[in-house]
Amino acid sequence: MTEPKSRLIDSLDLPRELRTLDTAALRRVAEEVRAEIIHTVTRNGGHLGASLGVVEIAIALHAELNTPDDVIIWDVGHQAYAHKLLTGRLKEFSSIRTYGGLSGFPSREESPFDVFGTGHASTSISAAVGMAEAWRRTQGSGSSRARRVVAVIGDGALTGGVAYEALNHAGHLKTPILVILNDNAMAIDKNVGAISAYLSRLRTEPTLYKLRRDLERRLQRLPGVGDLVTVLGTQLKDSLKAALTPGMLFEELGFTYVGLVDGHDIDELRSNIRRCLAMGGPVLLHCRTIKGKGYPPAEKHPGRYHGIPAFSASTGESDEADEPTTFTRAFGEAMVELASRDERVVGITAAMAVGTGLDLLKERMPDRFFDVGIAEQHAVVMAAGLAAAGKRPVVAIYSTFLQRAFDHIIHDVCLQRLPVVFAVDRAGLVGADGPTHHGAFDLSYLRFVPGLTIFVPKDEAELQRLLATALHLEGPSVIRYPRCPGVGAPICRPIEPLEGPWVEVLREGKDLLFLAVGPIVYNVLTAAELLRASGIEATVASVRQVRPIDASAVIDLVVNHPAVITVEDNTVIGGFGSLILELMADAGICRRVARAGLPDRFVAHGPVEVLQREIGLSPEGLADRALRLLS
């Protein structure tokens, strides 16, 4: 019987010993890292395609840099799995995205090699500029050699405006950073926009860079002409660059553009990284990669394998059992039906068509669908413009990403009372993606905005009816809902607006009142059944509209119960529970009150059910909270 082949990566002191290996050994490391990523993601789920695509880039960087003294900042962070494996976390890697295990994103608390935490796109260059400028300003105070700073950003993240703000500033300051553009022509789905088209042209014209260099050298050698080249210097070189440099956009921003480089050729990567680091100043190295490299199903369907639950490596199919329609799909189906009935309705997403369910609208009515790239601020202001021109835009953005457009929600939409609908997906706990992606704050940061109506459906059918309701309003509105499957609520056709009641009593009792928002109310109903065994009868009410809230209905319930517990999957700071306390204070009502929700800290990653148990939002935790309140 043949002994299993030992792995090279198990015997290495990583990343230090990468610097001592020859090319053949580094290629073997790449194969083993790739296999480990695939094996782990099949069991845990995770971001597969992006991480497979940057394996050679991660190896080349750690082989050329003295990390963690030199630093690598990974944009978004879902492409950092290889980086984690190469920086002392090989034995722990099987725990990634599991409760108590490694984070799926770079985390400063997890490793000194993770110098900057990332989970939202387009931030790496800004962070790199800050670090490089901080260290540059300490060089003269007895510090050691200059620490080298590298930002790795995907072409998808390069659609975010903050990336260009950073490029512009770095070029102005002549900041000594290396930006590696990992170009695989994908974000989660195919990239959109003029920048994507520009990068596509660069991919198809890789000979232009070499042509410009050769022409400069030949002109220098010509008798008489060479002297003229020397005299004219920068002016002539700039003219040549304008005519022949494929990366002219980056050159004009003050960067030296180097490309196009095969992002899977370790030798080519190492030599170009070495050359770029030696240049000084801001340099952009353009690398062409394949998303999902090394796993054929992911190469063929990169969008499907961007973020994927546990799956079979042999078939590529998900292991998830059939479940009720998700809130996301219910939203997408409702958008198609409601748009077909009202020509004013359009959908907008920020590079998340599949993630938000708007891919259904894109397929059925492409002229009513807009993907703006990773540009949440633009999405919101564009929606305001559409609404001002008579359309009924629905902006579908994850709760955690909508935070980036907060100013524009207030200034460009609500201040002008424009009928924009915000479909806030992934509200509440999202599970394995963890604190960068939990929708923990939207009720708090939205409920104080004047003129904004906020709906919180408890199930997928209610979501569809509330979307129809929102589209009939003459002002801005929000519908927040979670990532999870629905509860199997019967879907009504045609979809009709919901006209109330806005506070729905689901169960009646005399000893305690639960006021809940969203699908967490089903945990509350189970908790009420547990309390019955202790002789306590609880009323359970679902509040469908948080702003403006039906104050009289809430107060009628509160005054008829000796104690109240509010329940939400939003931070308890400034959220729904705070709203109920404000109502009671304004009405002069005094009762025992407890607020159950997300704690005043960043909640870790893990299965939603496990996290709910940890923070007291499970049925058992809520029942225990009630017993403690009543005692």
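Laboratory data are not the source of any read-out in this text; all were calculated from the coordinates shown. Since we're looking at a predicted model, the values are computed, not measured. Quick reminder, even Gly has a Cβ in these numbers, built from the backbone with ideal geometry, and neighbours come from all protein chains shown.
The table that follows gives values for the structure above.
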read-out: Sites residue 300 and residue 590, calculated FRET efficiency, Cβ-Cβ separation with R0 56 Å, nearest 0.05; value: 0.30
read-out: Loop trypsin sites (Lys or Arg not before Pro), the range 381-422 (other Cβ atoms within 10 Å of the site Cβ: 14 or fewer; DSSP); value: 417
read-out: Long-range amide H partners of residue 420 with built H, under 5 Å; value: 477
read-out: Where Rh is the Kirkwood radius over Cα pairs, Rg/Rh for the chain; value: 1.03
read-out: Relative contact order (percent, whole number), the chain, Cα cutoff 8 Å, 6+ residue spacing; value: 11
read-out: Efficiency of FRET from Cβ geometry, residue 165 and residue 66, R₀ 30 Å, rounded to 0.05; value: 0.50
read-out: Residue 573-residue 415 pseudo-label distance in nm [points 7 Å out on the Cα-to-Cβ vector]; value: 2.6
read-out: Helix-only [θ]222 nm of the chain, DSSP H runs n ≥ 4, -39500 (n - 2.57) each, per residue, nearest 500; value: -11500 deg cm²/dmol
read-out: Calculated FRET efficiency for the pair residue 609/residue 22, C-beta based, R₀ 45 Å, to 0.05; value: 0.40
read-out: Aspartates and glutamates with Cα under 17 Å of residue 510, excluding same-chain neighbours fewer than 8 positions away; value: 529, 537, 556
read-out: The range 12-120 shape via C-alpha gyration tensor axes, a/c threshold 1.5; value: oblate
read-out: The chain: antiparallel DSSP beta bridges as a percent of all, rounded to 5; value: 15
read-out: Charge dipole (debye, nearest 20) of the chain; +1 at Cβ of Lys and Arg, -1 at Cβ of Asp and Glu; value: 1580
read-out: Hz values of 3J(HN,Hα) by residue in the range 525-534 - Karplus curve (6.51, -1.76, 1.60), Gly and Pro given as x; value: 4, 5, 4, 5, 5, 5, 5, 4, 5, 9
read-out: Filter on 84/300; 5/293; 84/291; 391/458 - keep pairs with C-alpha separation over 21 Å; value: 84/300; 5/293; 391/458
read-out: 5 angstrom amide H check on residue 398, placed H, neighbours 5+ away; value: 425
read-out: Amide H contacts under 5 Å for residue 179, placed H, 5+ residues apart; value: 151, 283, 284, 285
read-out: Estimated inter-spin distance, residue 8 and residue 511, nm [label 7 Å along Cα→Cβ]; value: 6.7
read-out: The range 86-101 - phi-based ³J(HN,Hα) in whole Hz, Karplus 6.51/-1.76/1.60, Gly and Pro as x; value: 8, 10, x, 10, 4, 5, 8, 4, 5, 8, 4, 6, 9, 4, x, x
read-out: Overall form of the range 511-609 per C-alpha gyration tensor (a/c, 1.5; a/b vs b/c); value: oblate
read-out: All-pairs alpha carbon distance profile, the range 264-322, 10 Å steps from 0, percent; value: 18, 33, 21, 19, 8, 1
